[in-house]
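A quick write-up on the structure given underneath.
Readers should treat all values here as calculations from the given coordinates under stated rules, not as data from a laboratory. All values reported here derive from a predicted model rather than from experimental measurement. Glycine also receives a Cβ, built like all others from the backbone with ideal geometry; neighbour counts cover every protein chain displayed.
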Amino acid sequence: MAAEDGSGYSRSSFKHWIDEDRDGCDTRREVLIAESLRPVRVGSRCLISGGQWFSVYDGRISTNASSFDIDHVVALKEAWDSGAKSWTAERRQAFANDLTTAFSLIAVSASSNRSKGDRDPAEWMPSRREYWCQYAIEWVGVKATWSLSVDPTEKAALSRVLVDC
């Protein structure tokens, strides 16, 4: 456990929504394609159509990709506060576009993502209570994968959730 240091944070410190594999689809679109409940059509310039998405945070379903955000399960500011401040720009970019773990980035309704903002589990949990265990497990997984610290209130909140899982 460690205290967090949020000084100097700027979202621009995390270059995100890049096209790492150079297939024409940036990270945002890659997540939308992967998480669609039905096959999507990918047009020129990676224009997505025909999909359907389910927001695990609030249970909303949509066929409109623009009504969904891609959530960094551990928000960029939270990552910064928990140790990413000392990372290189390349490592911050890798974190912000992490497609190597299935739980780092998820498609959720824009309204649920914006209600979460940059808060940690001590301050925010998904409105769908049945997702709390999975959310806590994913949160811990991201923190462990990226060697990010956990502050005492965050740890207490996670412990309260995980004890019932």
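Structure data summary
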item	result
Where no second cysteine Cβ lies under 4.7 Å, the cysteines concerned in the chain	none
LEU148, LEU99 arranged by Cβ crowding within 10 Å, fewest neighbours leading	LEU99, LEU148
Restricting region 1-79 to GluC sites (Glu not before Pro) in coil, as DSSP defines it, with at most 15 other Cβ within 10 Å	GLU20
At q = 0.09, 0.10, 0.13, 0.20 Å⁻¹, base-10 log of I(q)/I(0) for the chain (Debye sum, equal scatterers on each alpha carbon)	-0.30, -0.37, -0.63, -1.37
Hypothetical label at SER62: residues of region 123-148 whose amide nitrogen lies under 19 Å (7 Å Cα-Cβ projection)	126-128
Region 12-162, relative contact order in percent, only Cα pairs under 8 angstrom and at least six apart counted	24
C-alpha long axis of helix 132-145 to longest principal axis of the chain, angle in °	80
Placed amide H near ILE48: partners under 5 Å, 5+ positions off or other chain	GLY43
Residue order, fewest to most surrounding Cβ atoms within 10 angstrom, among PHE68, PHE54	PHE54, PHE68
Residue-by-residue Karplus 3J(HN,Hα) for region 104-118, coefficients 6.51, -1.76, 1.60, Hz, glycine and proline x	7, 10, 9, 7, 9, 4, 4, 5, 5, 5, 6, 5, 6, x, 10
Residue with peak Gaussian network fluctuation, the chain [Cα springs, cutoff 10 Å], from SER82, SER112, SER67	SER67
Nonlocal Lys pairs with alpha-carbon distance under 16 Å, region 12-162 (8 or more apart, or different chains)	7
Estimated FRET transfer efficiency when R0 is 25 angstrom, pair SER147-TRP17 (beta carbons, to 0.05)	0.60
Dipole in debye (nearest 20) - the chain, about Cα centre, beta carbon charges: Lys, Arg +1; Asp, Glu -1	380
Max mean-square fluctuation residue, GNM over the chain, Cα-Cα springs under 10 Å, options SER55, SER149, SER127	SER127
Table column - 3J(HN,Hα) (Hz), region 88-97, Karplus curve with 6.51, -1.76, 1.60, x for Gly and Pro	6, 4, 5, 5, 5, 5, 4, 4, 5, 10
Cα gyration tensor, region 76-126 - rounded (a/c under 1.5), prolate or oblate	oblate
Region 62-165: trypsin sites (Lys or Arg not before Pro) in DSSP loop, at most 14 other beta carbons within 10 Å	ARG119
